[in-house]
Every structure is written in C-alpha cells, then in structure tokens.
Amino acid sequence: MASHGARGRSGGRPTLEEVAARAGVGRGTVSRVINGSPRVSDATRAAVEAAVAELGYVPNTAARALAANRTDAIALVVPEPETRFFAEPYFSDMLRGVGAELSDTEMQLLLIFAGSDRERQRLAQYLAAHRVDGVLLVSVHADDPLPDLLAQLEIPAVISGPRSATETLTSVDSDNYGGGRSAVEHLLSRGRRKIAHITGRLDVYGAQRRVDGYRDALRDAGRQVDELLIEPGDFTEEGGRRAMTTLLARHPDLDAVFAGSDVMAAGARQVLREAGVRIPDDVALVGYDDSAIARHMDPPLTSVRQPIEEMGRAMIDLLLTEIADRRPAMSRGLERRHAVLSTELEVRASS
C-alpha cells in the first residue's frame, strides 16, 4: 500500500505551510518548533510534531539556514587555557548540561578556547564572519573584551556568571553569595571560631560574591572580619596549596577553612596534612562546587553544590530564545534576563 504522507497537496515534498495548516498554527510557530525554540507550549509542539510525522515533512536544513542567514551552530567559548578546562570538573559538568539541552535540536556545538592573545584574535575574526548563530561564554573575567565584541557584532550571547552587578549580557549564575554564606554559617554552627577563606580569582564576580557571603555571615554572627584570614586563590589546586601555606604561616591557630572551589580545597588539604593538621579534628574544611573531587576526598569534603549542569541547560534555553527572535535582546531594547539558580550545602566528614 502506498504512503500518502510523504507528499503534499501539490504532489511534491510537503511544505512548511502545509505542516502549519495541518497543525492549525502559523508558519512561524512551525519554524520555532523545528528550530528547537523553547518559546512554544507543549501542546503546540505536540501538534506540530504530529503534523510533521503525518505529512512526512523533512526540513531542508541548508536552504533554511541560507535563507535565514543561519549557520545552525553555537559556540561555547572558554577564555581559559585548555589545561584548566580539562582539569576542573566545573567545565565538564557545564558542557554536559549544554550538550544535553542541545541534543533535541539541529544545532551543532563548537568548543572554542580563547586563553591566549592569538586565540582571541582568531576568535574575533571568526565571530566577525558570523559563522555561528550564538555564543555561550563560560568563565569570563571582569576585564574580558569578548562580551563587548559580541554586543558590537550583535551576536546573541549568554554568559555563565555576570561580570558585575550591572551585566549587560543575558546571564545564568548560581547563588554565590548564598553559597558562601551557608558554608560559613555551617562552620560557625560547629563551633569554629577562626575561619579562613581561600578565594577564587577576584576578577571573577562569582568569587567576589562568595567573599561577600563569607564576610556577612561572620558579621551577622557578631564576629569581626579579619582580612588576614582571607587569602586570594585562582581556582587551581596549586593556588589552594599556596594560599593554605600562607594562611597557616599567618594564623597557625585557625580552625576552619572555606575554599572557593573543591579543587583549591584539595590543594589546601594536602598542605594541612603535610603540616600534621587533622581534618576535621583540628581544622574543618569546606569546598565549593560539590564535584566528584569532594565525594572522593579523604575525608569526604563538605561542599556547596551549585547546579552546574542545570546552569548549562538554562544557558542554552535562553540562547535559543534569542536566536529564534533573530536579534539579541540588547538591540531590541529589552531588559536583560539574569537567571540565578539556588545552591545547597552538602555536609560530609571534613567539617
């Protein structure tokens, strides 16, 4: 028996208009469903998908991309050295969330490193040629010129973690302030009195907010903030070692450490052990990220969980919305969207 679903009324391949008529929606709605836009209700999406299946409609990806000036590609840009990307669980978790959210679309994901001046110049040329439909920016520092370049080129973009409280790009972040605060409140509740903090890079807004949470938790508990108990790190294991060495020399009587990442906490733990300090008997230790490092550390590390995979999914959701609208929100004069996801303290034996 011959199938009648593979041809439209004209006898040729089914058209977008015929899918729209069958589903009882507009042509633009069909286009949004096919392009994976999140701005479609579940019922409408189901009706369009049913019409596509019944008619046997096959999107002409190349023609659609050409007509819409689209590439069907998204760039995940990491302005860090490759070594850091592969060493820190944060990036792999983010990539997993991004990839999962893109899996049901026709978009391709390009991973681009821009840690050196040469890589940044090459990236600028690539973006200027409009070879991607949108950009995800991860691990951006306050003085990074990439966000301004994207705004100038009017390329839809979403940033993981705003550069400041006045971020001009759409952003997705976790509650860094609340996470830092909960870590210190937990240590105070365990009777710790001299709590040190190893910060992340302070040109990263999220690291600044964790320090703010640390300070406010101490002040609200009636404790003075000793700035000599705050030591800058850089999110690396070696940075954690250096900071812990400095803190121990400065305050050998400290009884707790809140590290701004699990990776830095691992470095701090090594220094503490080499100094004969017992965890948690002598010094309680808390990290941030709740990565596999925290769960496999000895003793298992108390850590602030930020939903990194969910952040990756949310970034894609927001970016696909901007791409579907064809223009970045800034050029439309719309208010920027800033999503902040909750954090949660995972208490383990280290504290």
Out of the residues in region 235-256 that are among the acidic types (Asp, Glu) and over 19 Å from Arg305 (Cα atoms), state the one that is surrounded by the fewest Cβ atoms within 10 Å (Cβ to Cβ).
-> Asp253
Is region 297-309 home to any residue that is part of a helix (DSSP H, G or I), closer than 24 Å to Thr236 by Cα, at pLDDT below 95 and charged (D, E, K, R)?
-> yes
Residues being aliphatic (A, V, I, L, M) and touching an Asp or Glu at 6+ places or on another chain (Cβ under 8 Å) - total across region 115-135 = 0
Does region 219-228 contain at least one residue that is crowded, with 20+ Cβ neighbours inside 10 Å and either modelled with pLDDT of 95 or more or within 26 Å of Val138 (Cβ to Cβ) (or both)?
-> no
Would you mind telling me which numbered condition in (1) surrounded by 15 or more Cβ atoms within 10 Å (Cβ to Cβ); (2) closer than 16 Å to Gly180 by Cα; (3) under 24 Å from the mean Cα position of the chain (by Cα) Asp212 fails?
-> (1)
Long-range neighbours under 9 Å by Cβ, at least six apart or interchain, first residue in contact (Cβ under 8 Å) with a residue 12 or more places away in the chain and assigned to a loop (DSSP other than H, G, I, E, B) within region 281-294, second buried (at least 24 other Cβ atoms within 10 Å of the Cβ) and among the charged types (D, E, K, R) = Asp290/Asp262; Ser291/Asp262
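Do we have any residue at all in region 188-206 that's among the small types (Gly, Ala, Ser), farther than 23 Å from Gly161 by Cβ, modelled with pLDDT of 95 or more and buried (at least 22 other Cβ atoms within 10 Å of the Cβ)? Spell out the reasoning first.
From region 188-206, those among the small types (Gly, Ala, Ser) are 189, 191, 196, 200, 206; that's our starting set.
So of that shortlist, the ones also farther than 23 Å from Gly161 by Cβ come out as 189, 191, 196.
Pick out the ones that are also modelled with pLDDT of 95 or more and you get 189, 191, 196.
With the extra rule that they be buried (at least 22 other Cβ atoms within 10 Å of the Cβ), the set shrinks to 196.
Checked region 188-206: at least one residue is among the small types (Gly, Ala, Ser), farther than 23 Å from Gly161 by Cβ, modelled with pLDDT of 95 or more and buried (at least 22 other Cβ atoms within 10 Å of the Cβ).
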Could you tell me whether Leu341 is within 19 Å of Phe91 (Cβ to Cβ) and modelled with pLDDT under 95?
-> no
Are any residues in region 205-254 among the basic types (Lys, Arg) and over 22 Å from Ser174 (Cα atoms), and if so, which ones?
-> Arg219, Arg223, Arg241, Arg242, Arg250
Pick from Ala275, Ala266, Ala259, Ala292: which is open to solvent by less than 10 Å² (accessible area, probe 1.4 Å) and among the small types (Gly, Ala, Ser)?
-> Ala259
Do you know which residues across region 84-107 are more than 15 Å from the chain's Cα centre (by Cα) and either modelled with pLDDT of 90 or more or under 21 Å from Ala294 (Cβ atoms) (or both)?
-> Arg84, Phe86, Ala87
Residues that are modelled with pLDDT under 80, in a loop (DSSP other than H, G, I, E, B) and open to solvent by 60 Å² or more (accessible area, probe 1.4 Å), drawn from region 7-60 | Arg7, Arg9, Ser10, Arg13, Arg39, Val58, Asn60
Please note which strands (runs of 3 or more DSSP E) are completely contained in region 67-145 and include at least 1 residues that are polar (S, T, N, Q) and in the same structural domain as Leu319 (by TED's automatic domain parsing).
-> 108-113
Residue hits (region 252-274; in contact with a helix residue (DSSP H, G or I) (Cβ under 6 Å, 6 or more places away or on another chain) and in a loop (DSSP other than H, G, I, E, B)) are Gly260
Per the list (1) in contact with a strand residue (DSSP E or B) (Cβ under 8 Å, 6 or more places away or on another chain); (2) at pLDDT 85 or above, residue check on Ala124 breaks on (1)
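Yes or no, residue by residue, for (1) more than 21 Å from Glu309 (Cα to Cα); (2) surrounded by 17 or more Cβ atoms within 10 Å (Cβ to Cβ):
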{"residue": "Leu102", "(1), (2)": "no, yes"}
{"residue": "Gln108", "(1), (2)": "no, no"}
{"residue": "Ser116", "(1), (2)": "yes, no"}
{"residue": "Ala129", "(1), (2)": "yes, no"}
{"residue": "Pro145", "(1), (2)": "yes, no"}
{"residue": "Gly161", "(1), (2)": "no, yes"}
{"residue": "Asp175", "(1), (2)": "no, yes"}
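The values are calculated or read from the model by the stated rules, or taken from the named source; none is laboratory data. Since the model is a prediction, treat every value here as computed from it, not as a measurement. A quick note on method: Cβ atoms are made from the backbone with ideal geometry, for glycine too, and the neighbour counts reach across all protein chains shown. Just so you know, the surface numbers come from the protein's heavy atoms only, side chains and all, with ligands and any DNA or RNA stripped out. Shrake-Rupley method; radii C 1.70, N 1.55, O 1.52, S 1.80 Å.
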